[in-house]
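This report refers to the structure that appears directly beneath it.
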Amino acid sequence: MRIAEEVAAAVSAGRPVLACESTIVTHGLPRPRNSQVAREAEDLVRGLGVLPATIGVVDGEAVVGLSESELDRLASDPGVVKLSARDLPVAAATGASGGTTVAATAHLAHRAGIRVFATGGLGGVHRGASSTFDESADLPALARLPIVVVSAGVKSVLDVPATLERLETLGISVAGYRTHAFPGFYVADSGHPVSQRIESPEQAAAAWRAARELGLDAALLVANPVPAGEQLPPDVHDAALADALAALADAGVSGQDATPFLLQRVRDATGDRSLEVNVAVYRNNMELGARIAAALAG
Ligand code: PSU
Ligand code: MN
């Protein structure tokens, strides 16, 4: 594991740092838009006085704070894989390169001493999980990592109510950001409520500090909805979702490939619209994550 010098210096000086995920770059967005979005997001974070630390694996080495050229490489190399936390040891042994999921990114961020992490969408419980057992390793990982994670809820390709139940079971604090509606990534409201809400980055920071004082070592998930004006129109969303789920069943895709497959289908069905929403979601989460990191450092 390598922590970029700039990141290590900021962490030890108590300056604000925001960890950023790389699976959105390697598997979430199409090339070449992916590296452009990742750079813009890093610039946005820097503009708020916070140091971005994008996390990924380069030639087997887990890197906290990818350089521009490393990020470009992950963004353009078609051979990169998707790495969850359990995949990191073998990737290290074999020299593989890849984007890190929320589970892997949160783990590495915490190990590097970073307290806040922004992503697009969190993994969760897949539809049909009662027979396939397909639940993202993101959930149990967050149950043991004392970190703030900003996400736009989970994508509706997942089983949203089951995911909310698992978040509860695992003891992961969930707070809607200025909302009682759990966001559905592309849409501001998934149709499922969240009982607790916070109104400001300062409240997120206060909740994180309270968790430490109380000895509760799970993550705090800040569920940050895409601004209503930038969401996918709900009817467009519902049609694309139905198509993607049918295609998944037809293709017989499962396991690690299910999420990228479904996301690709939604993108195909909505053209640029879902892509633009994806970018808006990511930007919005990076901005709130940076503000929370700043509040925690202040
Ligand atoms: N949801 C998205 N975009 C993504 C992912 C999820 O909207 O890119 C990625 C994240 O990296 C997340 C991972 O951690 O998929 C979850 O995959 P799995 O279900 O295989 O654990
Ligand atoms: Mn899975």
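The values are calculated or read from the model by the stated rules, or taken from the named source; none is laboratory data. From a predicted model like this one, the values you see are computed outputs, not experimental measurements. FYI the Cβ positions are ideal-geometry reconstructions off the backbone, even for glycines, and counts take in every protein chain you see. Calculation scope for accessible area: heavy atoms of the full protein, side chains included, ligands and nucleic acids excluded. Shrake-Rupley method; radii C 1.70, N 1.55, O 1.52, S 1.80 Å.
In table form, for the structure just shown:
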item	result
Cβ-Cβ FRET estimate between residue 90 and residue 228, R0 fixed at 45 Å, reported to 0.05	0.55
For region 120-298: accessible area per residue (Å², 1.4 Å)	42
Among 89-101, 235-247, the order from most to least packed when residues are scored by Cβ within 10 Å on average	89-101, 235-247
Beta bridges by DSSP in the chain, antiparallel share as percent, to the nearest 5	35
Distant alpha-carbon pairs in region 1-114 (separation over 18 angstrom), percent	43
FRET efficiency, residue 216 to residue 59 (Cβ-Cβ, R0 30 Å, nearest 0.05)	0.20
³J(HN,Hα), Karplus 6.51/-1.76/1.60, whole Hz, each residue of region 275-282, x for Gly, Pro	5, 5, 5, 4, 5, 4, 4, 5
When region 11-69 is reduced to its Cα atoms, the Kirkwood hydrodynamic radius in Å	12.1
Rg over Rh [alpha-carbon atoms, Kirkwood Rh] for the chain	0.93
The chain, relative contact order in percent, only Cα pairs under 8 angstrom and at least six apart counted	19
Two-site label geometry, residue 250 and residue 15: point separation in nm, points 7 Å out along Cα→Cβ	5.3
Accessible surface of the chain, 1.4 Å probe, proportion on carbon and sulfur as whole %	52
Qualifying trypsin sites (Lys or Arg not before Pro) for region 105-146 [loop in DSSP, other Cβ within 10 Å: at most 16]	144
